1. Got a number for residues in the stretch 481-496 being open to solvent by 10 Å² or more (accessible area, probe 1.4 Å) and part of a helix (DSSP H, G or I)?
2. Six or more apart or on different chains, Cβ under 8 Å: which pairs go from a residue in the stretch 182-206 that's of a type in the set (V, I, T) to one that's open to solvent by 50 Å² or more (accessible area, probe 1.4 Å)? Could you list them?
3. Can you tell me which of P587, P599 is without any contact (Cβ under 8 Å) to a residue 60 or more places away in the chain and either surrounded by fewer than 24 Cβ atoms within 10 Å (Cβ to Cβ) or touching a strand residue (DSSP E or B) at 6+ places or on another chain (Cβ under 9 Å) (or both)?
4. T736: among the hydroxyl-bearing types (S, T, Y), closer than 21 Å to Q561 by Cα and either in contact (Cβ under 8 Å) with a residue 12 or more places away in the chain or buried (at least 19 other Cβ atoms within 10 Å of the Cβ) (or both), yes or no?
5. Taking the stretch 309-345 as the region of interest, how many residues are among the aliphatic types (A, V, I, L, M), over 19 Å from Y411 (Cβ atoms) and not in a loop (DSSP other than H, G, I, E, B)?
6. With R111, R84 as the choices, which residue is charged (D, E, K, R), closer than 16 Å to L211 by Cα and modelled with pLDDT of 95 or more?
7. For A506, are the conditions met, namely being in contact with a helix residue (DSSP H, G or I) (Cβ under 6 Å, 6 or more places away or on another chain), within 28 Å of V629 (Cβ to Cβ) and assigned to a helix (DSSP H, G or I)?
Amino acid sequence: MTSTTVSTTSGVSQWAAGIQAVFESENQQVLAFLYSKGKWTYLVDTNSLWIIYAYPEGPQFAIRACFDPQGFESCQITEYTTERICFTIQGSLGLFQVSFAIIDPEKGLVRYTNQLKTRQKLFLSALPRDLYPQSEVDVKIAQKGPAVGLLYFDLPGAGSALYIQNFTSLNPYFESSHTEPTNCVGGEWPELGFALPPSQTPLKADQTYLLSDAFLVINQASEATQLAKPLEFIESLALIYDQLPKTPTSYVDWPSRAQRTLISLNRSKACKQIINQQVYLNAYVDSYEKPPESMVQLAILIPLLEYEQWKQTTSYALSQDLMRSIPTFFKKELKVLTRWLPGVKFKKPDEELSEEEKPEIIDSWYLLHILINTGRLASFGHEAAHSIFFESLSYLIKAAHHFNYEWPVFYYMNDFSVMKAETEPGAGGEHDVPGLYIHVMLQAYEFTKEEIYLEEAEKSAQRLLNLEFSLLYQSNNTIMSGVALARLWKITNNRTYLELSYLCVANILAKMWLWECDFGYGKDYSIFMGLSPLRDAEYISAYEEAESLAALTAYVKEVHQVAPRELNYLLAEYGKYLLHRGQFFYPDQTPPALICMQPKEGTTMRNLSIPIEDLRSGWQQSGQVGQEVYGAAMAFVLTSYAYHSFPKVPFQIFVEYPVFRADFLSESSKEGKVTLVIGGSDLGTCKLRLLSPKGILPYTQCLVGEDKNEVTPCNEDHAHTFREYELRGGTEVTLTYWS
């Protein structure tokens, strides 16, 4: 499925009816900007200020930088340089201040803002969008839900552009008007861009509100293939990301959270149930309406086993219980793992079951996901998992062939008849599932080296070639698809698979919440750089975020040496902010009023170290879905991701960015050195913290880069139990210590 050209259906609205006159006006004034290509002009008409760009090839687009429905009383230029122009406009609504600036003339980055000082209490409604291409455009992706307010589009024959509205700057407007920025960047040609959400409550009189803060990267036409578009998007996004305001990160003690989570999982009867003398985790706290689910057990088991490896401890009783549970989900008559525990019924009438709750139905991604984790369990040496994984492959391959590697949403397991083919009419099925199929086939190939599995992986990869920015169905699965494609590239040396992996990453980045919410409940937590679990979800979710980070870590370890630094930078930043933001999924870290205490599933218990599933934007309570037991994997994932320990080294090391290599040299019991290679790129910085839980830190010297430049600590407590450094990404760090 390719992207769809956005076009009008039966005409244009009042906002665009006269737009051609703007492009043809002889009153356009040329702006003498330092800009690499193209021409900028401006035009003031009766009620709008237009900034107009003309590509060298001819097409134009107009930015409606300011609008007053009753017209302008006056307009003055208050600043004009080769990089910036500012206007002061007196209108019926109040006093507007408009700024347009060239941020990077070579890379095509511009920014424009519009703020209003109101004359009186004011409702704003039915406002126009701000971007008007002269010719039809091919929209690759637009905002869905409360994710980043972006629009990425091609003007055929001329070039492309990435537009992002900086919602963080607009928080005072959202607070005063009781609105939020959901689905407000998009539109239909010729009206694109941002439409300010209509006021629900009046703006205050004599107050200044920012009504728009937009960034735009204009890319010129090139001979690049469609598979090169994801990298163009990623590089443009990194340019804008650098300009956005960012929430300062704070240190969170994830190892302590992991230990508290283990206590909650082990001791709370609300987290699990016993059936036929076998322990099963519930999906949600105090939820017993549904049979146990295989994904829930595996979602905790795999991160827990990795946490045990990190902790260098013997196997916990919980992991032993969960390992024993997996074979009970194997459906012998079909010879495949299934979702619901066979033989256990739902505790509600059949007519009340949702489409996914029917035992004979399976969600396509679900089957692939549990087989991936079963294969991972087999790699830990679990013999029963190894047997189940390979016994299930015949069924899986038969299903892939039946669906021609294009998977529906729900189908009947016994005969592959489809219950629900498409996510929405005309949108197709679950587009990232072919990537999960590649993942399973490569696991089988790595176990056996049999070419049939590699052939299956390559056939499935063909189904991803024309998806562009419609690839994402579920975020964590899309990233896991990227991991599989990167590994397929390494095995085959076919660069198409590497480029398809970049496409997976681009789909993910387009769904991040690149803004901070500072209105309503949002004043008490952070959502910055959160990742929606689904393409149109209106919340961020604990389990999908944790698994996304684990998959992204695996991904960057595969590609970081060949990937553009912008890609390495943005993915490292995601981990950095999840380490900070993840704490707010836990009810004991947020004010009671923020959490919905009557969730859809189970009960919310604030004393348990179990995260809520859903964190939402500011006007909605979070935790409406439930307290997510399988989301408890977050603490295990973040601990094993960010903390590094070494025998005989008298401190632990916490790093916000991924670490690709870590080793130590102990010269004696009191002195030595540790060397780390930190991921990310020089575009960003991360914190490295030395921790001494049992005593006082020794003296340390921190040297970075090939030149071994010394970095001094930026933070340290008086008892010397921690010491913190701010470091550039993509560098080697040597920590020498002595007592």
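The values are calculated or read from the model by the stated rules, or taken from the named source; none is laboratory data. Computed from a prediction, not measured in an experiment: that's the story for all the values here. Note that we place each Cβ from the backbone using ideal geometry, even for glycine, and neighbour counts take in every protein chain shown. Quick note on the areas: whole protein, heavy atoms, side chains included, nothing else; ligands and nucleic acids left out. Shrake-Rupley method; radii C 1.70, N 1.55, O 1.52, S 1.80 Å.
1. Start the filter on the stretch 481-496 by keeping residues that are open to solvent by 10 Å² or more (accessible area, probe 1.4 Å), which leaves 487, 489-496.
Cutting the leftovers down to part of a helix (DSSP H, G or I) gives us 487, 489-492, 495-496.
Here the count works out to 7.
2. Close Cβ pairs (under 8 Å, with a partner that is open to solvent by 50 Å² or more (accessible area, probe 1.4 Å)) amount to T182/E538; T201/H178.
3. Values: P599 fails: without any contact (Cβ under 8 Å) to a residue 60 or more places away in the chain.
Criteria check complete, one pass: P587.
4. Working: among the hydroxyl-bearing types (S, T, Y): yes; closer than 21 Å to Q561 by Cα: no; either in contact (Cβ under 8 Å) with a residue 12 or more places away in the chain or buried (at least 19 other Cβ atoms within 10 Å of the Cβ) (or both): yes.
No.
5. The first filter runs over the stretch 309-345 and keeps only residues among the aliphatic types (A, V, I, L, M), leaving 317-318, 322-323, 326, 334, 336-337, 341, 344.
Next, from what is left, pick out any that are over 19 Å from Y411 (Cβ atoms): 317-318, 322-323, 326, 341, 344.
Now narrow it down to the ones that are not in a loop (DSSP other than H, G, I, E, B): 317-318, 322-323, 326.
Residues meeting the conditions: 5.
6. Values: R84 fails: closer than 16 Å to L211 by Cα.
Within the list R111, R84, the selection yields R111.
7. Values: in contact with a helix residue (DSSP H, G or I) (Cβ under 6 Å, 6 or more places away or on another chain): yes; within 28 Å of V629 (Cβ to Cβ): no; assigned to a helix (DSSP H, G or I): yes.
So A506 fails the test.
This table checks each residue for (1) more than 18 Å from D363 (Cβ to Cβ); (2) without any contact (Cβ under 8 Å) to a residue 40 or more places away in the chain; (3) open to solvent by 50 Å² or more (accessible area, probe 1.4 Å).
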residue	(1), (2), (3)
L436	no, no, no
V440	no, no, no
E446	yes, yes, yes
E456	yes, no, no
Q462	yes, no, yes
L472	no, no, no
N476	no, no, no
